[in-house]
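Notes to accompany the following structure.
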Amino acid sequence: MNNQYIDLLKERRSIYALGKKVSLSNEQIMELVKKAIKESPSSFNSQTSRAIVLFGDSHETLWDLTEAALKEVIPEGQDFAPTVGKLNSFRAGYGTILFFEEMSIVKNLQERFALYADNFPVWSEQASGMAQHSVWTTLAIENIGASLQHYNPLIDDAVRSEWNLSANWKLRAQMPFGSIEAPTQDKEYMNDDERVLSFN
């Protein structure tokens with residue numbers, strides 16, 4: 001059985017060999033990101049997901065801040081070169097998308113619906129994951145490679161300070177993106193029957 005959406009999902013892969021040869025303009029990329037996040041679901045239609053798209057110098061600055069933060073926590077004497085190499089692979093991309101959750105909305109929902117208070121942070125995480133996946137797949141359809149990174153909370157304060165962000169914006173992920181400079185390897189899959197069951 002063929003399904004167009006499933007075919008599109010197959011295009012989304014973790015791409016680490018990134019370049020700057022992106023055919024879309026910054027404005028077109030922004031429009032895609034906005035639409036993908038807008039159409040992503042959230043509990044109670046809370047629309048908690050936020051994003052910042054970093055281009056040019058801002059993209060470079062993010063990975064400079066990340067490198068500086070990592071230097072502070074890497075044990076003395078440990079080889080830092082592999083870490084720099086990994087960060088350089090992100091710097092080589094065209095840009096980076098930062099994903100956040102607006103926690104004031106989560107807190108408000110917890111206060112309004114006390115019965116579900118413990119669930120709203122979980123549902124916020126789920127909404128963020130869906131927004132990330134929506135953006136990732138949208139970029140893949142345009143032949144733009146990306147991967148998902150998690151240097152939060154290590155870089156939270158530096159990011160908030162650099163771009164003067166609200167303290168209510170909680171950083172959840174970083175997505176470097178750019179042209180695909182090397183093909184991906186075949187992906188290994190578990191047996192479907194081990195992951196999805198059915199009962200009549």
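The values are calculated or read from the model by the stated rules, or taken from the named source; none is laboratory data. It should be emphasised that the depicted structure is a prediction, and the values quoted were computed from it without experimental measurement. Because the Cβ atoms are built from the backbone with ideal geometry, glycine has one as well, and the counts that use them run over all protein chains shown.
Check whether at least one residue in the stretch 126-147 is among the acidic types (Asp, Glu), touching a strand residue (DSSP E or B) at 6+ places or on another chain (Cβ under 8 Å) and either at negative phi or free of Cβ contacts under 8 Å to residues at least 12 places away in the same chain (or both), and report yes or no. No, the conditions are met nowhere in the stretch 126-147. Residue 151 falls short on exactly one of the conditions (1) closer than 24 Å to residue 32 by Cα; (2) under 17 Å from the mean Cα position of the chain (by Cα); (3) hydroxyl-bearing (Ser, Thr, Tyr), and that condition is (1). Of all the residues that make up the stretch 157-200, how many are among the hydroxyl-bearing types (Ser, Thr, Tyr), more than 15 Å from residue 52 (Cα to Cα) and surrounded by 10 or more Cβ atoms within 10 Å (Cβ to Cβ)? Residues meeting the conditions: 2.
Out of curiosity, is residue 106 modelled with pLDDT under 95 and more than 30 Å from residue 185 (Cα to Cα)? The answer is no for residue 106.
The residues of the stretch 59-88 that are among the aliphatic types (A, V, I, L, M) and not in a loop (DSSP other than H, G, I, E, B), listed by number, are 62, 65, 68, 69, 70, 73, 81, 84, 87. I'd like to know if the stretch 167-185 contains one or more residues that are within 19 Å of residue 6 (Cα to Cα) and among the hydroxyl-bearing types (Ser, Thr, Tyr). Yes, the stretch 167-185 contains at least one residue that is within 19 Å of residue 6 (Cα to Cα) and among the hydroxyl-bearing types (Ser, Thr, Tyr).
Restricting 101, 27 to those that are surrounded by 19 or more Cβ atoms within 10 Å (Cβ to Cβ), of a type in the set (D, E, K, R) and under 26 Å from residue 170 (Cα atoms) reduces the list to 101. If you filter the stretch 75-90 down to residues that are among the hydrophobic types (A, V, I, L, M, F, W, C) and surrounded by 12 or more Cβ atoms within 10 Å (Cβ to Cβ), you find that the one that is farthest from residue 155 (Cα to Cα) is 80. Count of the stretch 15-58 residues, restricted to those that are within 16 Å of the chain's Cα centre (by Cα), in contact (Cβ under 8 Å) with a residue 60 or more places away in the chain and part of a helix (DSSP H, G or I), is 6.
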